[in-house]
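A.B. asks: Handing you a structure now.
Computed from the coordinates by the stated procedures, all read-outs in this text should not be read as laboratory data. The model shown is predicted, which means the values in this text are computed figures rather than measured ones. Note that we place each Cβ from the backbone using ideal geometry, even for glycine, and neighbour counts take in every protein chain shown.
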Amino acid sequence: MKKKVLSLFLLLAVFSVFLSAEGQQESFPAKKVTIIVPWGLGGGVDVIARKVASYGEKYLGQPVIVENHTGGAGTIAMTDAIKASDDGYTMIVANGPLFSLTPHFQKVSYKLEDITPLIGMRSVEFVCLANPAVSGIDSMEALKEYAKDNVIKYATTGGPGNDGYTLLAVLFEKMGIEAKAVPFNGGLDAINALVGGHVDISIGSPPVYADYVKSGKLVSLGVFTPDSIKVEGLDVQPSFLSQGIDLEFTGLDYFAVRSSVAPEKQAVLTRYIKDVYADEEFKAFMNEMKMESYGIGAEELFAIIDAQSKDMTQYVDLIK
């Protein structure tokens, strides 16, 4: 009888260990999570991603870190993301042009089906900027006059295939202005080059350029969105469409993972980001940045990327 009881006890102990191990195996996340950012430190995407990461232990129960994998108009980061394990511990901040634009300019080792969008991060209102103290350019008319005797040097947030690079290239092509791109690895570097007088024109989004425009160091020449925009503390930013230039684009950044990541893990990561977006402190942070979180889902994101692909085809044909 004692042997039977002992055998039963040992069996229950083994079964308990098995259940415990199985529970630990299914627990997610059980270690830190990494967010890959394709662009440099200090840009809008980087700043927002790091703020989201700071809530890791509060809403995910584990630390979340950000790594900047810059270069190749975002292709280096995207390649690293799809080569990473599909265990759910690696996210990436992607955008539409990585799929709708970049493959037109360079060979890429990924396709849209390789990733699954989790949730939007932000929509991006790109603005064309000038430094009048250095170039004297303070309006579109002044830009045209300056271009009569000078080749415009413009800072972009990446090389060929990047959205900022393409938008400025198309703008100058449509205006008949000779211009030369100077690529940087992120929005902050591009703006700093303009502030320092190393380039004539740059492109930026509100979190990066707003304070410079408020202080008078930079001026906005136009916004690429279809409609003019109002940024708090600044004058209305006129769209290029309203200025008679047939050019429009609204950027979009979003969190994503490899498509092969288990759906239940995707759900955990999406819930985490939604919880961050709902946090009052995070909302205040975004408001201070003059931004709003853009928490749309995968289906809407795919639809926007598809629409962008059609628009970008005509722009690529114009500047290639």
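A.B. asks: Do the alpha carbons of any pairs in K144/K310; K153/K174; K58/K283; K107/K290; K111/K274; K51/K274 sit beyond 24 Å of each other, and which pairs?
C.D. replies: Among K144/K310; K153/K174; K58/K283; K107/K290; K111/K274; K51/K274, the Cα-Cα distance tops 24 Å for K144/K310; K107/K290; K111/K274.
A.B. asks: Here's another thing I want to ask about it. Sequence-distant or interchain residues sharing an amide H contact under 5 Å with G222, placed H: which?
C.D. replies: Amide H neighbours of G222: C128.
A.B. asks: Would you mind telling me which residue in P160, P263, P226 has the biggest mean-square fluctuation in a Gaussian network model of the chain, where springs connect alpha carbons within a distance under 10 angstrom?
C.D. replies: With Cα springs under 10 Å in the chain, the top fluctuation among P160, P263, P226 is at P263.
A.B. asks: Quick one: Karplus J couplings for segment 199-207, per residue in order, coefficients 6.51, -1.76, 1.60, θ = phi - 60°, nearest Hz, x for Gly and Pro?
C.D. replies: 9, 8, 9, 9, 10, x, 10, x, x
A.B. asks: What are the residues whose amide H is under 5 Å from the amide H of G158, where those residues sit 5 or more places off or on another chain and H is modelled from the backbone?
C.D. replies: Excluding prolines and chain starts, which carry no amide H, the hits are Y165, F184.
A.B. asks: List the GluC sites (Glu not before Pro) in segment 217-315 that DSSP assigns to loop (not H, G, I, E or B) and whose Cβ has at most 10 other Cβ atoms within 10 Å. Which are they? Each step should come with its number before you reach the end.
C.D. replies: Values: sites: E232, E248, E264, E280, E281, E288, E292, E299, E300; in loops: E232, E248, E292.
Sites meeting the loop and neighbour criteria: E232.
A.B. asks: Another question about this same structure. When the Karplus curve 6.51 cos²θ - 1.76 cosθ + 1.60 is applied with θ = phi - 60°, which whole-Hz ³J(HN,Hα) does each residue of segment 262-275 get, with x for Gly and Pro?
C.D. replies: Ordered by residue, 3J(HN,Hα) equals 4, x, 5, 6, 4, 5, 5, 5, 5, 4, 4, 5, 4, 4 Hz.
A.B. asks: Against the longest alpha carbon principal axis of the chain, how many degrees, from 0 to 90 and to the nearest 10, is the axis of helix 2-26 turned?
C.D. replies: Roughly 0 degrees, rounded to the nearest 10.
A.B. asks: What does the convex hull of the Cα atoms come to per residue for the chain, in Å³?
C.D. replies: Values: hull volume 42.1 nm³, N = 320.
Dividing the Cα hull volume of the chain by its residue count gives 132 Å³.
A.B. asks: Right, something else. Per residue of segment 143-159, what does 6.51 cos²θ - 1.76 cosθ + 1.60 with θ = phi - 60° give for ³J(HN,Hα)? Whole Hz please, x for Gly and Pro, Karplus curve as stated.
C.D. replies: 4, 4, 5, 4, 6, 5, 10, 9, 7, 5, 9, 10, 8, 10, 8, x, x
A.B. asks: Continuing with this model, one more query. Kindly identify segment 82-158 as rounded, prolate or oblate by the Cα gyration tensor criterion: order the square roots of the eigenvalues as a ≥ b ≥ c, call it rounded if a/c is under 1.5, otherwise compare a/b with b/c, prolate if a/b is larger, else oblate.
C.D. replies: On the way: a/c = 3.72, a/b = 2.57, b/c = 1.45.
Taking the square roots of the gyration eigenvalues as a ≥ b ≥ c, segment 82-158 is prolate.
A.B. asks: Say the dipole of segment 111-269 comes from +1 at the beta carbon of Lys and Arg and -1 at that of Asp and Glu; which of S259, P207, F126 then lies farthest toward its positive end?
C.D. replies: Going by the Cα projections, it comes out as S259.
A.B. asks: What residues have an amide H closer than 5 Å to that of I119, excluding those fewer than 5 places away on the same chain, when H is modeled at 1.01 Å from N in the peptide plane?
C.D. replies: For I119, whose amide H was placed from the backbone, the distant partners under 5 Å are F255.
A.B. asks: Let me ask something else. By the scheme Lys and Arg +1, Asp and Glu -1, what is the net charge of all other residues having a beta-carbon under 10 Å from that of R258?
C.D. replies: After counting each charged neighbour, the total is -2.
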